[in-house]
Amino acid sequence: MQIKTMNAWPMQCVLATYAAVLGVYGTPGSLHAAPTHCEPVSRARESLDDRVWTRVATLTKAGSYCLTEDIKSKDMFDFSSGGRVTNKSPMWEVEAGPVQIDLQQHELSSNEPVAPVWVRAPDTSIANGMIRAGGGGGIWLYEAWFTSLRSDHSSDGVLNKVLAYAYQQDVEPFTGQGRTSIQRGGLRLDYMQINAGTSTRQRFGAVGVGGRRSGNSITNSRITVSNGHAAIYFFGAGQRIEGNTIVLKCPDATPSAAPIKLHAADNSVIRNNTIVVDCWSAKPEAAISLVDSRNVVIENNRIIGVKQLYKVWDERPDQYSSVIERDNRFPTLWDRILGR
């Protein structure tokens, strides 16, 4: 039997299409260097009971840690109260720093309406793993609720009108204090994959990574939000977002939604990222939304799915944003097929 060889042209098409996909979404890079010595961390002993929510052992002292297993939240049912019970606590909390966490290519996954990981300590580093968050965000830094420096919080896509009213007492003081209330965070994420907002269950404005602290860094990572208002949402100066693939999928996006949202983020750097807006109906107005953020460097990014690089949403006389932009590109489909 004679075996025919594939014609070169179809194979070139396949390779070109593959290259185009990789051009949009990026490829995994080399792993972040793990700490030489680390303390193993796994499922908390009490959560081995089927009647207890799944949790990772809380980190209460500084040091280096390594996750030893994949951990997935379990569904809990109480038929006397109508079926599935919702958990509003995180799977993993970091309460002391500085901390280095190597996930060792393991995955944390949860379908609950809150982020699986809450970081409550400065100078926390998390690397080499995956976080899947069906119902909520991926990693929350300090405060769990994302308010806004804009006066109309619900139109900013942060809280729906019911929640905005319910949390108004928390929202208004922060809006008034603005930039003076933001302290240093020092969160560092490297070689992470975060998928948030993939479930049809309740979401509180899903955000991949965010919080109200300055001096955070996200590098060499892929962050995707399937139904929310931002993949990265930081309040505070000196944010570094570099070398990432950042994807916002948004069936019901508000105009100020964006893959990256920065408020009061003076002297931040957004560099060498692929930023994708994947929306078929309502679309954000820009790849990056800024409020009251001065001297933000936006450099050498590839923007796909939206025509505007950034938009400033300042609305008060005391708010002022400025941008230094250079060498950003909006590649066409043909550019991506050719690997440009």
* Could you count how many residues in the stretch 106-139 are modelled with pLDDT under 85 and more than 16 Å from Val56 (Cα to Cα)? -> 5
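To keep it simple, each residue is scored yes or no on (1) at pLDDT 95 or above; (2) closer than 17 Å to Asn244 by Cα.
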{"site": "Ala282", "(1), (2)": "no, no"}
{"site": "Asp292", "(1), (2)": "no, no"}
{"site": "Asn295", "(1), (2)": "yes, no"}
{"site": "Glu299", "(1), (2)": "yes, yes"}
{"site": "Ile303", "(1), (2)": "yes, yes"}
{"site": "Arg316", "(1), (2)": "no, no"}
{"site": "Ser322", "(1), (2)": "yes, no"}
{"site": "Asn328", "(1), (2)": "yes, yes"}
{"site": "Pro331", "(1), (2)": "no, yes"}
* Search result, residues across the stretch 212-235 that are more than 17 Å from Val277 (Cβ to Cβ), assigned to a strand (DSSP E or B) and at pLDDT 85 or above -> Arg213, Ser214, Ser217, Ile218, Thr219, Phe234, Phe235
* Asked: Is there a residue in the stretch 277-284 that is under 23 Å from the mean Cα position of the chain (by Cα), closer than 24 Å to Ser226 by Cβ, surrounded by 15 or more Cβ atoms within 10 Å (Cβ to Cβ) and hydrophobic (A, V, I, L, M, F, W, C)?
  -> yes
* Looking at (1) of a type outside the set (A, V, I, L, M, F, W, C); (2) on the phi > 0 side of the Ramachandran plot; (3) touching a helix residue (DSSP H, G or I) at 6+ places or on another chain (Cβ under 9 Å), find the lone condition where Gln319 falls short. => (2)
* Structure fact -> (1) within 13 Å of Gly137 (Cβ to Cβ); (2) surrounded by fewer than 17 Cβ atoms within 10 Å (Cβ to Cβ); (3) at pLDDT 85 or above all hold for Gln202 apart from (3)
* Is it true that some residue in the stretch 146-159 is over 16 Å from the mean Cα position of the chain (by Cα), modelled with pLDDT of 80 or more and not in a strand (DSSP E or B)? -> no
* To do: From (1) more than 28 Å from Gln183 (Cα to Cα); (2) buried (at least 24 other Cβ atoms within 10 Å of the Cβ), pick out the condition that doesn't hold for Thr254.
  => (2)
* How many residues, within the stretch 236-256, are modelled with pLDDT of 90 or more and either assigned to a strand (DSSP E or B) or under 12 Å from the mean Cα position of the chain (by Cα) (or both)? -> 8
* In the stretch 257-275, is there at least one residue being of a type in the set (Lys, Arg), under 21 Å from Trp313 (Cβ atoms) and part of a strand (DSSP E or B)? -> yes
* Just name the residue that is modelled with the lowest pLDDT out of those in the stretch 73-94 that are surrounded by fewer than 16 Cβ atoms within 10 Å (Cβ to Cβ) and either within 20 Å of the chain's Cα centre (by Cα) or closer than 17 Å to Ile194 by Cα (or both). => Lys88
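The values are calculated or read from the model by the stated rules, or taken from the named source; none is laboratory data. Just so you know, these numbers come straight off a predicted model, no measurement behind them. Methodologically, a virtual Cβ is constructed for each residue, glycine included, from the backbone with ideal geometry; neighbour enumeration extends over all protein chains shown.
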